Amino acid sequence: MRFVTVRNIVVAALLIFLALVPIYSTMSGNMFLMTLFTRIVILAIAAVSLNLIMGFGGMVSFGHAAYLGIGGYVFGSMATEGITSGFIQWPLALAVCALFALITGALSLRTRGVYFIMITLAFAQMIYYVAVSLDKYGGDDGLTIYTRSQFAGLIDLSNRVVFYYVCFASLLGAIYLVWRIVNSRFGMVIQGARSNDRRMQSIGFPTYRYRLTCFVIAGMMCGLAGVLLANQADFISPATMHWTRSGDLIVMAVLGGMGSVIGPVLGAVALLVLEETLPHIISVIGGALTGQSMAAAREYWALVLGPMLLLVVLFARGGIDGILTGRHRG
Amino acid sequence: MADALLKVEGISKRFGGVVASDNIHIDVRPGELHAIIGPNGAGKTTLIGQLAGELAPDSGHIYFDGQDITAQPAPVRAALGLARSFQITSLFLDFKALTNVVLAVQPNLGHSFHFWADARNEPALIEPALAALKRVGLEHRAAVTVANMSHGEHRQLELAMAIANRPRLLLLDEPMAGLGPEESSRMVAMLRELKREYPILLVEHDMEAVFALADRITVLVYGRVIASGDPATIRANAEVRDAYLGEQDEEFVDG
Amino acid sequence: MLLFIEQCLNGIQLGLLLFLLAAGLTLVFGIMDLVNLAHGSLYMLGAYFAATFTALTGTFIGGIFLALIATLLVGMAVEVIALRRLYGRDHLDHVLGTFGLILFSNEMVRLIWGPAGLRVALPDWLLRPVEFIPGVFYPSYRLLIIAVALAVAGLLYFMVMRTRIGMLIRAGASNREMISALGINIKLLYTFVFGIGAALAGLAGMMQAPILTVQIGMGENILILAFVVIIIGGIGSIRGAFVAAILVGLIDTVGRSFLPEILKLFLSNQAASTAAPALSSMLIYIVMAAVLVLRPQGLFPAAGK
Ligand SMILES: Nc1ncnc2c1ncn2[C@@H]1O[C@H](COP(=O)(O)OP(=O)(O)O)[C@@H](O)[C@H]1O
Ligand SMILES: [Mg+2]
């Protein structure tokens, strides 16, 4: 094991950068940067959790954004009902996520392959429509949340810097947790079941219950991201769990690299930074090429992103992490 | 036959119109190597599948150590001590050889709901796994990714995983499938070793090997047992000759 | 009672539209083993083409006809340029690649047709309700949708079960080597099958065009309903898709209109009107879960899959 590799340097640099964002933001007065990176860090948690089941467990869930929504709605509805203590909100949000993961996972994991992809997608869509029908909590328009989670005065989430570091610490915690899990006996079973489930069974592992447990853990981790996301936005709406959001999470994991714990973090940063900057890049390049103002071109960044995904699929299956380590999958 | 370790009582299995197992009665006693022979498509793999718990028989019962295991799923049977190998290699291709065997060791240590401790360097896992690799002569290949190993090595690894599973009975499905003559004779030597330690139900196409190793032979044709007995009896059996041994040359082309 | 009949017709109509979508999906999956998330984009494209061509030609039928051909061609082009490269790769690759395609086509549509929604006008003769059972009036256009979709379903069944192409398609699902050995150009066959699937999706979209607003992303939610249909029916089975589509259409439509009344029998008015919308939107997913518990491979598992 070598520790000084290109990959590790990039990862270390990224983590240091993430740790310094609030300091830079506060000093330069560029608050937009901090808002952007708070969001990136939160979605990175979601992507890391998805990668636990998808990258390591081979369970391609196309409904992971459901947990962002469930976490957010449990927090939001409680805040609306006047229960503002994070000590109650957060565990309850995770418990509801666990329950949802347990029920839908128990059903979905009876199936394989494409069925699994479609079923997780369908269950997420179900929750999406439930949220749409919740008139009491804003229905289609979403729910504005007036109070962030209160932690008995110990942590003040309305302070942006504090909030950022809570998110960042959660991300580090999530990465560490997944890293421990992946290298534990439990993680061996999960990865074995991805590689050859039939053989795992014949060796003596009842893989279903291990996979289901893993599915629940990932759901809860993503639920935490959902609570944070709704706290940041002071808002939650069904759009948070639209199936294209689940697609975004998959893109982050694959773009970053599913082979490692940290890959999805790289993917989250890359995708969301790209999303912010690609419109500018397009208009600048377009302007230079045509000599005309290409301000309108900004809107069409997805024209570039879409085919880019296809190219990643075809030529860079190991994602960014794979490129950095020289490992290529597929 | 009260002393049989594995006892199969009249199992039958159909796939649509094909009768793959037709009221099969067999048993394996402690200390014995019981070989199953029969032409391709006779239902040997299907039989192993039902014994290991991957396929459910349509009727009949399977007893292991006196306990009716017919309704038990594969993992439970493995935990009881039934270890199988696969005719068509079924390994963890993207893992290292050692990791493959480590996975086979792991269920011996109880459940795997251990989320925290690092399993990569656990002596309780690694040491038995290395020992099993050594048994089959693969210890020097421990760190190689399985996808990059040869077919012969895959067959050896299959065997190592079965042993590492701490079995009380081995179900081996054509361990010599696809091996060259030299590799085959090494495998025979290995099986002779294993036979001293474990009762074995061996499905094999290689007649020479079967007659060299088996204490008892059962002949399966179209899912039916047409003969069963010690090697000399089977060799002398006219029906077996007609149905099977006589046309060996044709039957073994696609071995 | 009248309302019930009307709702049933609405349900059947939705079901038939879902069938058109699901048939293409299930064909493409059954034969090329490709998960195509961008199938909904073809539905959207069909609607946009219909809007453009009806405006251009000034006739509804002519516009639909041109739109059908255009969607077929676009589908085949997409297969040749992009999707062909995804065959034989794992399903996650399909998901990602076709997800990228969705992003691309949404932006493309915005670029060509602009961000505002479009409307498609119906000719007069399709606007009049018809009294098809004494006392029961039903919009003639909706009846037309039902008739067309039924005709297409029959045609599709005939094509798959009775014709040489259909034989190839069925053989493709079970035996790739055999068709190649027969010297049939499997690439061409795949392109053709994808084109048919695209045209079916497009047809569904263009038939919806006069009822709904034609807008970006219109294919995305209905695509998921089509997935539910396929899961219930069994992946790769046209017959399963048909049965499940009608089932889903009926349950969804009838459930939404009558669940509040049914709940009121058990719950207080207040509770019923709160629970009903949530429950009725969950209904088809509950049905899907039930099917999964009883038959994990769907109602009509395709042979050999
Ligand atoms: N999963 C299955 N589905 C349908 N037919 C099967 C299946 N497995 C085996 N068969 C059929 O059962 C018969 C016995 O097969 P098998 O047990 O593999 O034979 P052997 O191992 O003796 O060569 C063959 O005719 C085979 O085609
Ligand atoms: Mg066999």
Count - residues of the range B:84-104 that are more than 16 Å from A:Asp197 (Cα to Cα) and at pLDDT 95 or above: 3
Selection status of C:Val287, open to solvent by less than 50 Å² (accessible area, probe 1.4 Å) and touching a residue at least 40 places away in the same chain (Cβ under 8 Å): yes
Residue check, A:Ser133 at the interface with another protein chain (Cβ under 8 Å from one of its Cβ atoms), small (Gly, Ala, Ser), touching an Asp or Glu at 6+ places or on another chain (Cβ under 8 Å) and surrounded by 16 or more Cβ atoms within 10 Å (Cβ to Cβ): no
Some residue of the range B:153-160 being crowded, with 19+ Cβ neighbours inside 10 Å, within 16 Å of ligand 2 (Cβ to nearest atom), more than 14 Å from chain A (Cβ to nearest Cβ) and assigned to a loop (DSSP other than H, G, I, E, B): no
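Please indicate, with yes or no, whether at least one residue in the range B:167-181 is more than 14 Å from every other protein chain (Cβ to nearest Cβ), modelled with pLDDT of 95 or more, closer than 28 Å to B:Pro75 by Cβ and within 16 Å of ligand 2 (Cβ to nearest atom).
No: zero hits.
Quick check on B:Arg216: is it away from ligand 1 (no atom under 16 Å from the Cβ), under 12 Å from B:Ile26 (Cβ atoms) and either within 14 Å of chain A (Cβ to nearest Cβ) or at pLDDT 90 or above (or both)?
yes
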Selected residue (criterion: surrounded by the fewest Cβ atoms within 10 Å (Cβ to Cβ)) from residues of the range B:9-19 that are closer than 13 Å to B:Lys44 by Cα and within 16 Å of ligand 2 (Cβ to nearest atom): B:Val19
Number of the exception - C:Tyr43 against (1) away from every other protein chain (no Cβ under 14 Å); (2) open to solvent by 10 Å² or more (accessible area, probe 1.4 Å): (2)
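What number of residues within the range C:121-131 satisfy the criterion of being in contact (Cβ under 8 Å) with a residue 24 or more places away in the chain and not in a helix (DSSP H, G or I)?
Summing the residues that are in contact (Cβ under 8 Å) with a residue 24 or more places away in the chain and not in a helix (DSSP H, G or I) in the range C:121-131 gives 3.
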Of all residues in the range A:192-210 being in contact (Cβ under 8 Å) with a residue 24 or more places away in the chain and either in contact with a His (Cβ under 8 Å, 6 or more places away or on another chain) or surrounded by 21 or more Cβ atoms within 10 Å (Cβ to Cβ) (or both), the one that is nearest to the other protein chains (Cβ to nearest Cβ): A:Tyr210
Matching entry among B:Ala20, B:Ala74 (being in contact with a strand residue (DSSP E or B) (Cβ under 6 Å, 6 or more places away or on another chain) and within 16 Å of ligand 1 (Cβ to nearest atom)): B:Ala20
Residues that are aliphatic (A, V, I, L, M), farther than 16 Å from A:Ser149 by Cβ and buried (at least 17 other Cβ atoms within 10 Å of the Cβ), drawn from the range A:161-177: A:Leu171, A:Ala174, A:Ile175, A:Leu177
Residue within the range C:89-102 that is away from every other protein chain (no Cβ under 14 Å) and assigned to a helix (DSSP H, G or I) present: no
Of all residues in the range B:212-232 being out of contact with any strand residue (DSSP E or B) (no Cβ under 8 Å at 6 or more places or on another chain) and part of a helix (DSSP H, G or I), the one that is nearest to B:Arg192 (Cα to Cα): B:Ala212
Which listed residue, of C:Pro134, C:Pro115, is without any contact (Cβ under 8 Å) to a residue 12 or more places away in the chain, open to solvent by 70 Å² or more (accessible area, probe 1.4 Å) and over 24 Å from C:Leu18 (Cβ atoms): C:Pro134
Tabulated pairs, the range B:182-209, first of a type in the set (S, T, N, Q), second within 16 Å of ligand 1 (Cβ to nearest atom) and at pLDDT 90 or above, C-beta under 7 angstrom, 6+ apart or interchain: B:Ser184/B:Met176
Residue in the range B:93-100 that is more than 16 Å from ligand 1 (Cβ to nearest atom), without any contact (Cβ under 8 Å) to a residue 24 or more places away in the chain and within 30 Å of B:His154 (Cα to Cα) present: yes
Filtered residues of the range C:69-83 (kept if closer than 18 Å to C:Gly40 by Cα, within 14 Å of chain A (Cβ to nearest Cβ) and part of a helix (DSSP H, G or I)): C:Val78, C:Glu79, C:Leu83
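Restricting to the range B:20-40, and then to whatever is within 13 Å of ligand 2 (Cβ to nearest atom) and polar (S, T, N, Q), can you tell me which residue is surrounded by the fewest Cβ atoms within 10 Å (Cβ to Cβ)?
The residue in question is B:Asn40.
Here is a yes/no grid of residues against (1) assigned by TED's automatic domain parsing to the domain that holds B:Gln50; (2) within 16 Å of ligand 1 (Cβ to nearest atom); (3) buried (at least 24 other Cβ atoms within 10 Å of the Cβ):
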{"position": "B:Ala142", "(1), (2), (3)": "no, no, no"}
{"position": "B:Val146", "(1), (2), (3)": "no, no, no"}
{"position": "B:Met149", "(1), (2), (3)": "no, no, no"}
{"position": "B:Ala162", "(1), (2), (3)": "no, no, yes"}
{"position": "B:Glu174", "(1), (2), (3)": "yes, yes, no"}
{"position": "B:Ala177", "(1), (2), (3)": "yes, yes, no"}
Check on C:Phe258, assigned to a helix (DSSP H, G or I), aromatic (Phe, Trp, Tyr) and surrounded by fewer than 21 Cβ atoms within 10 Å (Cβ to Cβ): yes
Qualifying positions in the range C:137-156 - buried (at least 16 other Cβ atoms within 10 Å of the Cβ) and not in a helix (DSSP H, G or I): C:Tyr138, C:Pro139
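For the range B:64-75, which residues satisfy the criterion of being in a strand (DSSP E or B) and open to solvent by less than 60 Å² (accessible area, probe 1.4 Å)?
B:Phe64
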A:Ala101 being in contact (Cβ under 8 Å) with a residue 40 or more places away in the chain, within 30 Å of C:Asp33 (Cα to Cα) and open to solvent by 10 Å² or more (accessible area, probe 1.4 Å): no
Hits in the range B:41-55 (condition: near ligand 2 (Cβ under 10 Å from one of its atoms) and either of a type in the set (Lys, Arg) or in a loop (DSSP other than H, G, I, E, B) (or both)): B:Gly41, B:Ala42, B:Gly43, B:Lys44
Qualifying residue in the range A:140-150 (condition: within 14 Å of chain C (Cβ to nearest Cβ), part of a helix (DSSP H, G or I), in contact (Cβ under 8 Å) with a residue 40 or more places away in the chain and more than 21 Å from the chain's Cα centre (by Cα)): yes
Residue check, B:Gly66 more than 16 Å from ligand 2 (Cβ to nearest atom), away from chain A (no Cβ under 13 Å) and free of Cβ contacts under 8 Å to residues at least 40 places away in the same chain: yes
Check on B:Asn121, facing chain A (nearest Cβ under 10 Å) and in a helix (DSSP H, G or I): no
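The values are calculated or read from the model by the stated rules, or taken from the named source; none is laboratory data. This structure is a prediction, so every number in the text was calculated from the model and none was measured. Note: ideal-geometry Cβ built from the backbone for every residue, glycine included; neighbour counts use all protein chains shown. In case anyone asks, the SASA skips ligands and DNA or RNA and just uses the protein heavy atoms, side chains included. Shrake-Rupley method; radii C 1.70, N 1.55, O 1.52, S 1.80 Å.
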